[in-house]
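Since every read-out is calculated from the coordinates, none of them should be taken as a lab result. Owing to the predicted nature of the structure, the values given are computational and were not obtained by experimental measurement. Here the Cβ is made from the backbone with ideal geometry for all residues, glycine too, and neighbour counts use every protein chain on show.
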Amino acid sequence: MLPAFIGQAGDYSGKALVLNDKEPSLVEISLNTRLRYEYGELNGLDVSHAWTVRNRLGLLSRKTAGFQAYAEYEGNVAADRDQYFAPGTEPATGQTPIADAESHELNQAWVSYTTMDDVWGLKVGRQAINLDGQRFIGTVGWRQNMQTYDAATLTWNPNSDLSVLYSYVSGVERIFGSETVIPGFDDFEGSSHLFNAKYKGLPFGILTGYVYSLDLHNGAGDANSSDTFGFSLAGEFIGESAYYLEYAYQTNAYSNPNDYAANYVHTSLAKSFLPGVKTTVGYEYLGSDNRIGFATPLGTLHKFNGFADQFLTTPASGLSDAYLSVSTKLAEINFAAAYHYFWDDGFDVSLGQEIDLIASKALTDEISILAKAAFYDGMAGTAAGTAGFPALDATRFILEMNINY
């Protein structure tokens, strides 16, 4: 998997508050600014140029008798809103979609309690939840508007090897912002249950098991509701190599009108053949059944299946993604490149190929810059598309600066 090099500011639940060496502060203020330019071009649509500035302002209380609280405002503004199409905020304009709408909202607001021995923890309120690689549950930190969860999350960490999480989720504040008016892009409501357990005591790797029972409904209905059962195994072996194996099974659930059962597989092998150069080869499979593809509606999808964002929704015929990535660091600059080739789940139809490039550098402890490009070649007969728009070819370029005050 191509390294993201992406900061996801906003979750300060584990940060120590120290005003000086003697006494912690009562409240800590955090401020993050992200300046971004994104160029988007999909075949058959007009080019989009999104110049946006995202700010997050947070207040974190001192931990007292195990209790702590956090509140965070998030706002995104555009230099010229007419230069791009933000899905969910207006009918299709003929421009390439860029999902960074102008927005102002309460991003997080939670209270937590942790026992003195740090074995038990409870967090209640609007919060960030990132589980494992964020394929299924994440905050979509790449986009300007963060995805957060109205939830009650219980954690149990009895020892250094075992960690267990259960979260009841009543709502999901999605990335499309506070001005969303189009059904299907609005926030999710429901009664979802997230269970994730991780065991690190095995000699050959880390074993993770999970159950995600998603009761999701919004203006477009209940088609995103599902039950997913899965496990993953990750570890290292001789020669500083790393492996990853994951399998999941998904069915429709709750009031989902569709009837399907689909499988998910992800495997990868990473190795440094040259000093300082990491090479990863991998394969990800999202199956389909009854013309319904394996769904991950709460995942940080930009991390998977190419940065051109052509497969944010799994095609009805499923998706197979074979990829190769290389990453290194030169002159304090992180570089990475990846190649993807896509098929349907039966390898009957080619869905295209993509090249991704990324470079990032920390200028100071507070300021970092990033450049990213994606070039997708859909080939003839592709079933790919973004936000409902079919596209044979796609190009995206992003330049951004992150500032932590």
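Observations on the structure shown:
- Ordering 202, 155, 353 by the projection of their Cα atoms onto the charge dipole of the chain, which places +1 on the Cβ of Lys and Arg and -1 on the Cβ of Asp and Glu, puts 202 at the extreme positive end.
- Pairs of Cα atoms nearer than 8 Å and 6+ residues apart set the relative contact order; for region 37-145 it is 24 percent.
- Residue list for region 313-340, given a label point 7 angstrom along the Cα-to-Cβ vector of residue 366 and an amide N cut-off under 18 Å: none
- Highest-MSF residue in the chain out of 52, 89, 364 [GNM, Cα springs under 10 Å]: 364
- Taking a straight Cα-Cα cut-off under 20 Å and skipping sequence neighbours fewer than 8 places away in the same chain, the aspartates and glutamates within cross-link reach of residue 361 are 38, 332, 400.
- Net charge dipole size for the chain [Lys, Arg +1 and Asp, Glu -1 on Cβ; Debye, nearest 20]: 980
- Cross-link table 63/200; 198/303; 198/372; 278/303, entries beyond 25 Å C-alpha to C-alpha: 63/200; 198/372
- Contact order normalised by residue count of the chain, Cα under 8 Å, 6+ apart, percent: 13
- Note on P(r) over Cα pairs in 20 Å bins from 0, in percent: of the candidates [x] 23, 49, 24, 3, 0; [y] 25, 62, 13, 0; [z] 30, 60, 10, 0, the value calculated from this structure sits at [y].
- With R₀ set to 30 Å, the beta-carbon distance separating residue 77 from residue 130 gives a calculated FRET efficiency near 0.70.
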